[in-house]
Structure formats: structure tokens, C-alpha cells
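Data first, discussion second: the structure below is written as C-alpha cells.
No value in this document is a laboratory result; all are computed from the given coordinates. Source: prediction; values computed, not measured. Virtual Cβ from ideal backbone geometry, glycine too; neighbours counted across all protein chains shown.
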Amino acid sequence: MTMLYNRVALVGLGLIAGSMALAMRRGGLAGEIVGTARSAETRAIAVDIGLCDRVVDSVAEAVQGADLIVLAVPVGAMGEVAEQMAPHLKPGATVTDVGSVKRAVIDAVAPHIPDGVQFVPGHPLAGTEHSGPRSGFAELFENRWCLLVPVPGSDPAAVDRLRRLWEAMGAHVDEMDADHHDLVLAVTSHAPHLIAYTMVGVADDLRRVTDSEVVKYSAAGFRDFTRIAASDPIMWRDVFLNNKDATLEILGRFTEELFALQRAIRTGDGALLQAYFTRTRAIRRGIIEAGQDTEAPDFGRAKRPG
Ligand code: NAP
């Protein structure tokens, strides 16, 4: 493996940054990995488990002399950390981020990028419902997509180097426009999370009526919603606040379809229900054929390395 950056600074030390640190170290992709996080507690854990070569107390200190800076904080905090890092960036450095929303992050971060520094936003489509510095693992990005969203003026050489980093961490890389990214993710991730949150909320209300039966019989389908609905509350609050238009657009369509299905149930339109479910089953098959999930009964989720 080739070293791609002499020094990488990780701003935020949670699931994504932690997994990047472990994957970069495994591949020998960075000469030195420096990390920082907001709380002293997270920084202490990172030192304790040896997540980075160095853990420092401030964003300013972390980014000094770094060739690649990765912003890995919740979407709503990107602008704030970008402002803190800006005066300390090395000319020629590349700044990237891993935020789940791209247009709002670009709007928040780009104004802080000084001349001579490259900004190449990104988003790895990989995650779990766990968060924090202990939750990372080197295999997280394997066979997952990472979307790079170059901004006008992004140097192709900087984009290419970042692409090679993600590929060396096991990901497949595509480039996409920010608005398109936000719409695609509203369909594949943001709206499904909101629906899962809602379903679990409804079941929780019902549990008060049915005692513990919702939990006891959860394997009937509900359990899979609860995994998604256990995702980090701050991260997801920020996703919805920052991908408002696309999420509302998809939820509007979702509501229309839901009413159509509701009506089919009421009127006993079995043909409509069967045709609908036949179409959705084919989508599941497509995902498995594309290698993005397995047919294992637990959806392959239990194989997360310990
Ligand atoms: P995480 O495990 O919750 O870690 C977040 C990190 O950001 C922590 O180190 C936290 O520091 C720091 N932080 C939180 N609020 C901050 C603030 N206001 N100012 C400065 N630092 C702050 O999060 P994650 O799952 O790695 O997510 C990081 C980013 O990746 C988010 O933008 C998210 O949208 C994106 N992403 C997540 C997933 C996923 O499935 N989890 C997948 C793809 C992309 P403390 O611990 O000290 O509070």
C-alpha cells in the first residue's frame, strides 16, 4: 500500500473518523494521524484505545501542518469547526468532510476555505447505529460507496488523491453534484430513517397498551426498524434540518403512496397490493445482486467485527 498523505487531521472522533483512522492505519495510508474532538472525555478515550498517533485539544492545533483535514462532526457543527480551522490551514492542503448532507455543508464550509486550499466534500455511505470513539472499525467502508462532491474550482489532482484514499480503505467511489446527492440520499437514507423513527414511536405508544408484547414479538419485522431508529439523535436531527427540501419532497410522495395502499386495503384491492409488493421485492433482489446486502436472515448485520 502507498502512503497518500503525510499528515491527516481528523476533526471529530466518532464512528466515521474512528473507522477512517483504523482503515488508514491498516493500509499505511497516512504518515501521521492527528485527531481532536470537542469533549475531553472523547479525547481521553481516543488516547486510551490508541485511535490516532496524536490527540490534541483544539481544532487549530489538529489541522496545523496537515495535508488532509477530515471534518467528521454532525452536519450542523461543520460551519463552526471550519471557522476554527481556517486560519491554521497549510497552503496546498485538502479539506474534506463526511457529512450526510452535501449542499448545506458546502454552504457552511466553503466560505471558510482560504485560497490555495482545496475543498473536496465527501460522504461515505456506510454506518451503523453506533456512535462515539469506540464504535469505529477498519472494515466499515469495505464494498460500500463513497460519494465525492467536488465544488467549482476543486483541483482534479486533489479529488483524485482523495478518491485513492477511499478506494484504499475499501470503498467504491463515485462523483456527484450536491443537489443530486441530497435527493438520492433523501430516498435511500433520510426518509427511511424518519419512517423508522415514526414506526418505532407508534409501537412505543402502543406498547403502553399491550405491555411487553411489542418487544417480545419484535422479530416479526419491527426489530429491523428499531436498529435504524437507534441511530444517533444529534446526527439525525441535523440531517433533517439540513436536507429539508429533498426530504419533504420524498415524504410527500411517501404519504401519497401510503394513502393509495391504505385505500387498497380498505377496498379489498388485492391485485394492487400484490402488484405493489411484487415490484418492491424485485428492488430487494437488485440490492443483493449489487452486493450491497446479503440474504442472511439477520441481513448480514451480525458480522460486524468485534
Ligand atoms: P459520532 O460517532 O456521533 O461522532 C461525532 C463526533 O463529532 C464526536 O467526536 C463529537 O465530539 C464531535 N462533535 C459533536 N458535536 C460537535 C460540535 N458541536 N462541535 C465539535 N465537535 C462536535 O458521529 P459519526 O457517526 O462519526 O458522524 C460524523 C459525521 O459523519 C456526521 O456528519 C454524519 O452525518 C456523517 N455520517 C455518519 C454516518 C453514520 O451512519 N453514523 C454515515 C455516513 C456519514 P464529542 O464526542 O466530544 O461530543
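Values computed for the structure shown
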{"read-out": "Cut-off under 5 Å, modelled amide H: who pairs with His172 long-range", "value": "Asn143, Arg144, Trp145, Cys146"}
{"read-out": "Per-pair calculated FRET efficiency, R0 = 30 Å: Arg263 and Ser218 via Cβ, rounded to 0.05", "value": "0.60"}
{"read-out": "Footprinting exposure proxy for Ser218, Ser212 (fewest neighbouring C-beta atoms within 10 Å first)", "value": "Ser212, Ser218"}
{"read-out": "Value of Rg/Rh across the stretch 180-268 [Cα atoms, Kirkwood radius]", "value": "1.03"}
{"read-out": "Residue with peak Gaussian network fluctuation, the chain [Cα springs, cutoff 10 Å], from Ala246, Ala21, Ala220", "value": "Ala220"}
{"read-out": "Gaussian network model of the chain, Cα within-10 Å springs - most flexible of Leu13, Leu89, Leu261", "value": "Leu261"}
{"read-out": "Cα gyration tensor shape of the stretch 5-176, rounded if a/c is under 1.5, else prolate or oblate by comparing a/b with b/c", "value": "rounded"}
{"read-out": "Per-q log10 I(q)/I(0), the stretch 1-57, q = 0.22, 0.26, 0.28, 0.31 Å⁻¹ (Debye; single scatterer per alpha-carbon; no solvent)", "value": "-0.74, -1.00, -1.13, -1.32"}
{"read-out": "Candidates Ala104, Ala282, Ala60, ranked by Gaussian network fluctuation over the chain, Cα under 10 Å, top entry", "value": "Ala282"}
{"read-out": "Rotationally averaged projected area of the chain (alpha carbon convex hull; nm²)", "value": "17.3 nm²"}
{"read-out": "Computed helical MRE - 222 nm, the chain, DSSP H runs ≥ 4 contributing -39500 (n - 2.57), nearest 500", "value": "-15000 deg cm²/dmol"}
{"read-out": "Selected from Leu29, Ala86, Gly153, residue furthest toward positive end of dipole (the stretch 5-176; charges at beta carbon)", "value": "Leu29"}
